[in-house]
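A quick write-up on the structure given underneath.
All of the numbers you see were taken from the coordinates with simple rules; none came from a lab. Small disclaimer: the values here were computed from a predicted structure and weren't measured. So basically every Cβ, Gly included, is an ideal-geometry build from the backbone, and we count neighbours across all protein chains shown.
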Amino acid sequence: MFRNKAVFFILFIILFTGKALSASDGDISSEEIKIVAHYKEKIENLIIASGNVEVHYKKLKIFADKIRLDRETKDVYAEGNVVIQMPDEVVSAEKAFFNLDSTQGELEKVYGMIQPTVFYEAESVEREDENKYILHKAKLTSCTQPVPRWKFSCSRANFKKDDYMEMWSSVFSIKKIPIFYFPYIKYPLDKERSTGFLTPQLGYSGRKGFIFGQSFFWAIRRNMDATFNLDYYSTRGRGGGLEFRYLFSKDTAGQLNLYYFDFKKEPGQEASPPAHLIRFNHNQYLPWSFKLVADVDLQSSYDFLREFDNNFKRAVISNRRTQAYLSRAWSYFNLNMRVSRFETYFAERDDSIIRYNLPQVGFSSSKIKLFSPLYFSFASSFDRWEYGWQTEYQDDKQTSSESLTFIPALSLPFTVIPWLTLNFSLSNNFAYYFQSKAPNSKKIVAEPILTYNYNLNFELIGPTFFRIFRDADGSAKLKHIIEPSLTYSYQSPIDDSERIINYRRYYRLHQLEYSFTNRFLKKENEMVREVLTLSLSQTFYLLPEEGPLSIYSVDGEIPEFSDVRGTVRYYPASNYSLDFAGSFNPYYKTISSLRLGANLGSIRDSLFLRVSWFKSINPYKESAIYNRHQINCFAGVKIPQLSLEAQAEISYNIQERKMLYSAFIFVYHYQCLDFKSDLRVFYFREKPELQFRISFGLGNIGKTTDFLGGMGF
């Protein structure tokens, strides 16, 4: 109950200082030293005082039952209800040997408070200077309750003012219950980021057994830091991770994540090979206005990611990527260079599609005005690529090609009539392929070919109609705009098109796209924003046998009309939105796709909800593998009255009528403690897994988080 004693002595100073002064029978002063007491005796340089003794020296005050003071050395020995007051500190003790100038000394049976609000109790304290202490057999906390919500008990502690408290052989307790033992722990006291261990995370999984996670945070410099992580799964193995963040300037920043996992060997089975993952992103501005962007997301095993990555969206997507961009923009021109590798894994055939771009270079211009109203622009590129299944790469049978393209374009916009917009463009496509397919064969030969065709595009927007709705005072309240549009696109045939090396099917567009859009605009604080959009659109293929629907047929004929597409977008406020999209197939008279996205509030608000619903049906294919129907809900609530925060996420496969994932996270703020409980169920894994984790944060020490985690605070 060391808090009661400390509070008692502080109240004693405030309430009874006046009484002690009035009871004194005089005072003894020596330079800046002032002593007030019931009894005082002076023997040469030694002053002995007793009975409600007070010593005042500069900004220092000492209260005790008895004191002995050497006026020459300014050493003070005090005993009996000793209280020492300094500008940022109050200490009470049974005995104290103290120097008034250096503030160095030793104290016994000590109770104290150090800014910023650290309370301690110790058998003895060695005060080396005003900023550093050594405590023996100590108890520490930052809680203010008579019985602290949490505390550390340790054999020895070093305290550095406004910096840290380091402890040896420390036991962390909640109330009076011991929770953790730490051979060594460093507790930060300043408000800036500090190096040290974070509080551990504990958990249990039916598949992985007992779970223990521990992180160490390293505040390297103000512009960079690192977090080291250790994970232990009693039945599966152990892993370690690193998260390194840096900000070298406002234009150069990035983050590197590394993780390595060593599987535990199961009896009677061979140990699985270790798994690892690398995630890296980097942004940097270079001389001559170049910008560099790098993005890496690699893992050694998709099975490991699916089983151990607790981020649902990452775990169910089997992709690897490595890419780097170098770009520069000036005046009307843009230069882009990229090297990349993309891989997508398909579990049903245990194989991956891999695409390389080594390199891909693009040089283009925006529209340059030749003379009113004619504009010129161009796009050019060099692309060297490879594409194929991983098994094809192993047999050196992947598809590869190199090409050089140049596309000049002329555009002619017409905007003279306010309610009507016309856009006409004509572009020529020149393409040089360094390899080609042999005539009437799929064999690739080193015979270059040069192709040419042109694109014609005509866009009509309007006639546009609108109506303004006004308030009673005549001010504009809402504007309704009706906007039809018609777009005609034509691509001329390409000679020797069958000799072009492609990694996807070649389509030639000759089509008419028409749409009808309603827009509702609202004026708020002299600003106009769109609050509601309704639109319908469809495409008619004038050359269906060469269009994107040529792979399908209805009653032996290729469809000429695409699905009817509709969208609804509603944005009543900045944190609220509703997006709905759907498609209707006119041949089979059925809905082919539905998509709903709703956001109610922000994750920073007291209440938020995000809903994502998607359904797709391919009416041209009867196989169920082309159909999807899934819903995901993510919600959160904050209840300040109960000091509680909660989040939940659920993902359900409606098509197969089974759960994919569910998660529930609760955080309870218990004054100077934060308790977090995390319950997740992974139904999508080979064997469904229920996982439970708990962690806590106290004072200035943060929580260890799930290194491979997903949602949650």
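Karplus-derived 3J(HN,Hα) values for the stretch 201-212, using 6.51 cos²θ - 1.76 cosθ + 1.60 with θ = phi - 60°, are 10, 10, x, 8, 9, x, 8, 10, x, 5, 10, 10 Hz; glycine and proline are entered as x. Excluding same-chain neighbours fewer than eight residues apart, the lysines reachable from K40 by a Cα-Cα span under 18 Å are K19, K61, K66, K74.
Counting only residues at least eight positions apart within a chain, or on another chain, the aspartates and glutamates with an alpha carbon under 14 Å from that of K397 are E386.
Selection among A431, L410, F159 by position relative to the dipole of the chain gives L410 as farthest towards the positive end (Cβ unit charges, Cα centre).
Close amide-amide hydrogen proximity is noted between L660 and S651, Y652, N653, each under 5 Å apart and 5 or more residues distant or on a separate chain (H modeled in the peptide plane; Pro and chain starts excluded).
The HN-Hα couplings worked out from phi for the stretch 303-309 by the Karplus form 6.51 cos²θ - 1.76 cosθ + 1.60 (θ = phi - 60°) are 5, 4, 5, 5, 8, 10, 6 Hz, whole numbers, x standing for Gly and Pro. Lysine pair count for the stretch 415-562 with Cα-Cα distance under 17 Å and sequence separation of 8 or more or different chains is 4. Here K703 is the anchor, and the aspartates and glutamates within straight C-alpha reach of less than 12 Å, apart from those fewer than 8 places off in the same chain, are D674.
May I ask for the distance between the Cα centers of the stretch 230-296 and the stretch 520-581, given as a whole number of Å? The two parts, judged by their Cα centres, are 40 Å apart.
Between L536 and V611, the simple spin-label model (points 7 angstrom out along Cα→Cβ) gives 2.5 nm.
In the stretch 510-557, taking the dipole from charged Cβ atoms about the Cα centre, the farthest positive-side position among F540, V554, S515 is held by S515. Ordered by the count of other Cβ atoms within 10 Å of each Cβ, fewest first, D162, D262 give D162, D262. Against the main long axis of the alpha-carbon atoms of the chain, helix 2-23 sits at an angle near 50°. Across the chain, the relative contact order, built from alpha-carbon pairs under 8 Å that are at least six residues apart, equals 6 percent. About its Cα centre, the chain has a charge dipole of approximately 1020 debye under the convention of +1 per Lys or Arg Cβ and -1 per Asp or Glu Cβ, with nothing else charged. Would you please state the base-10 log of I(q)/I(0) at q = 0.14 1/Å for the stretch 415-562, with intensities from the Debye formula using one equal scatterer on every alpha carbon? Here the Debye-derived log intensity ratios amount to -0.86. Placing unit charges on the Cβ atoms of the charged side chains and taking the dipole of the chain about its Cα centre, the candidate lying farthest along the positive direction among S593, Y77, Q145 is S593.
Quick one: if the Förster radius is 56 Å, what FRET efficiency do F290 and E41 give, using the C-beta to C-beta distance and rounding to 0.05?
Details: r = 83 Å, r/R0 = 1.48.
That pair, F290 with E41, gives E of 0.10.
Classify the stretch 553-623: rounded, prolate or oblate, from the alpha-carbon gyration tensor (a ≥ b ≥ c, eigenvalue square roots; a/c under 1.5 rounded; otherwise prolate if a/b is larger than b/c)? Show your work: numbers first, answer last.
Values: a/c = 6.11, a/b = 2.94, b/c = 2.08.
Prolate.
Given an 8 Å cut-off on Cα distances and at least 6 residues of separation, report the relative contact order of the stretch 78-235 as a percent.
11
A simple count of charges around L607, restricted to other residues whose Cβ falls under 13 Å of its Cβ and scoring Lys, Arg +1 and Asp, Glu -1, yields +1.
Could you work out the relative contact order of the stretch 556-653? I mean the mean sequence separation of Cα pairs under 8 Å and 6+ apart, divided by the number of residues, in percent. Display every interim value, and only then the final one.
Values: 206 pairs, mean separation 17.1, N = 98.
Computed value for the stretch 556-653: 17 percent relative contact order.
Once the Cα gyration tensor of the stretch 32-106 is found, what semi-axes does its equivalent ellipsoid get, as square roots of 5 times the eigenvalues, in whole Å, sorted largest first?
Numbers: eigenvalues 58, 39, 24 Å².
Rounded to whole Å, the semi-axes are 17, 14, 11.
Our coupling estimate for the stretch 177-188, obtained by passing each phi through the Karplus curve with A = 6.51, B = -1.76, C = 1.60 and θ = phi - 60°, is 9, x, 10, 9, 10, 10, x, 8, 8, 10, 9, x Hz, Gly and Pro reported as x. Around the amide H of N429, modelled in the peptide plane, lie the amide H atoms of N453, Y454, N455, all under 5 Å away and 5 or more residues distant in sequence or on another chain.
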